[in-house]
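Trainee: I am attaching a structure below and will ask some questions about it afterwards.
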């Protein structure tokens with residue numbers, strides 16, 4: 001009894017330590033991001049007064065109507081040699097907001113100083129300082145993960161941070177060393193992403209090993225099929241115009257994107273299959289292979305439709321603004337879809353193939369691990 005009480009006290013104490021560290025990190029990061037102007041080399045100015053001084057209705061060559069606004073801003077410099085001074089800015093924006101936006105009091109802007117007008121400075125807007133908003137969203141993400149996942153949520157955050165650092169390092173290596181193959185770099189990243197993500201979140205167990213094996217095999221098989229199809233069709237129908245400014249082989253970069261993009265969905269299906277089947281085995285250790293197979297197929301059918309749809313929506317959603325822009329400018333529907341959705345559809349189809357293949361691959365690999373575990377018992 002004393003041991004149980006001591007263990008519970010240690011668990012509660014460790015939770016409070018984690019919560020205290022998170023609270024300190026949250027408060028300190030919020031304070032830092034609101035007072036980090038001196039860390040930037042570019043001049044930052046905060047809007048203290050705004051006024052719309054001119055409004056003009058315009059019509060483009062296709063008959064689309066829009067309204068242009070000219071906004072006069074008074075801002076206060078927050079860093080650099082001109083700190084504390086006032087900068088006057090003019091901002092032109094449209095009602096559509098495609099390439100511009102309206103600024104309100106309190107917004108912080110990156111500006112360049114062009115001239116002086118009496119005691120005030122005159123400048124132009126170069127960008128918006130958005131780090132505080134990104135930080136808020138990041139902390140919401142962290143808190144939701146911790147509330148829902150507790151320890152697993154914390155491990156998921158650690159896994160995510162490690163994966164981001166690995167990907168950043170891999171891209172830096174590729175950019176600095178021209179002879180390095182991006183596909184090889186991404187292949188190594190896939191191995192690391194899979195092992196780190198699944199081992200951290202699910203722990204060292206046969207369930208995790210089955211999911212890792214299923215993920216890697218399904219990824220290789222699905223991407224081999226996609227590569228073969230692209231090769232025999234010579235990539236007809238794929239529009240690489242969005243990559244025209246790259247100085248590296250766009251086909252290689254596209255394939256590397258397929259590698260990384262397909263991995264997440266495949267890993268999700270693999271761990272779902274493995275966790276579900278191992279849970280059935282742990283509940284009834286006498287369950288037959290036939291029953292496991294039937295349950296795995298049923299689980300796969302349920303997962304397949306939803307994950308495939310999620311993958312499709314995730315890829316297509318990023319192209320909606322450009323698609324609307326093409327259609328609004330009277331581009332033919334077929335041309336607009338081809339220009340904006342060909343690569344996204346290819347990515348969605350590649351991920352869909354991976355998901356479908358992961359179901360039988362994950363099913364039989366998991367059954368193999370279960371049978372091996374049962375033989376040892």
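The values are calculated or read from the model by the stated rules, or taken from the named source; none is laboratory data. What you see is a predicted model, and the numbers here were worked out from it, not measured in a lab. With ideal geometry, Cβ positions are generated from the backbone for all residues, glycine too; neighbour counts draw on all protein chains shown.
Trainee: At pLDDT below 85, surrounded by fewer than 14 Cβ atoms within 10 Å (Cβ to Cβ), in the same structural domain as residue 46 (by TED's automatic domain parsing) and touching a strand residue (DSSP E or B) at 6+ places or on another chain (Cβ under 8 Å), is that true of residue 114?
Mentor: yes
Trainee: Collect the residues in the range 328-345 that are outside any helix (DSSP H, G or I) and surrounded by 14 or more Cβ atoms within 10 Å (Cβ to Cβ), keeping them in residue-number order.
Mentor: To start, the set of residues in the range 328-345 that are outside any helix (DSSP H, G or I) comprises 329-332.
Correct list: 331 only.
Trainee: May I ask you to list the residues in the range 129-172 that are free of Cβ contacts under 8 Å to residues at least 24 places away in the same chain and not in a helix (DSSP H, G or I)?
Mentor: Those that are free of Cβ contacts under 8 Å to residues at least 24 places away in the same chain and not in a helix (DSSP H, G or I): 130, 150.
Yes/no per residue for (1) without any contact (Cβ under 8 Å) to a residue 24 or more places away in the chain; (2) surrounded by fewer than 17 Cβ atoms within 10 Å (Cβ to Cβ):
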| residue | (1), (2) |
| --- | --- |
| 283 | yes, yes |
| 291 | yes, yes |
| 296 | no, no |
| 305 | yes, yes |
| 326 | yes, no |
| 348 | no, no |
| 352 | no, no |
| 357 | no, no |
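Trainee: Please verify whether the range 48-61 includes one or more residues that are surrounded by 12 or more Cβ atoms within 10 Å (Cβ to Cβ), modelled with pLDDT under 85, under 30 Å from residue 114 (Cα atoms) and more than 29 Å from the chain's Cα centre (by Cα).
Mentor: Residues of the range 48-61 surrounded by 12 or more Cβ atoms within 10 Å (Cβ to Cβ): 48-50, 52.
Of the ones still in play, those that are also modelled with pLDDT under 85 are 52.
Of the ones still in play, those that are also under 30 Å from residue 114 (Cα atoms) are 52.
From the residues that got through so far, the ones that are more than 29 Å from the chain's Cα centre (by Cα) too are 52.
Scanning the range 48-61 turns up at least one residue that is surrounded by 12 or more Cβ atoms within 10 Å (Cβ to Cβ), modelled with pLDDT under 85, under 30 Å from residue 114 (Cα atoms) and more than 29 Å from the chain's Cα centre (by Cα).
Trainee: Return yes or no: is residue 252 over 30 Å from residue 182 (Cβ atoms), modelled with pLDDT under 80 and under 23 Å from the mean Cα position of the chain (by Cα)?
Mentor: No; evaluated as a whole, the condition is false for this residue.
Trainee: Would you say residue 106 is at positive phi, part of a loop (DSSP other than H, G, I, E, B) and surrounded by 15 or more Cβ atoms within 10 Å (Cβ to Cβ)?
Mentor: No.
Trainee: Continuing with the same structure: How many residues does the range 188-223 contain that are surrounded by fewer than 16 Cβ atoms within 10 Å (Cβ to Cβ) and within 22 Å of residue 161 (Cβ to Cβ)?
Mentor: Here the count works out to 6.
Trainee: While we're on this one: Provide a single number: the residues in the range 175-197 that are in a helix (DSSP H, G or I) and under 23 Å from residue 222 (Cβ atoms).
Mentor: So the count comes out to 16.
Trainee: Going through 324, 316, 365, 370 one at a time, which residue ends up being part of a helix (DSSP H, G or I), modelled with pLDDT of 75 or more and under 18 Å from residue 263 (Cβ atoms)?
Mentor: 365
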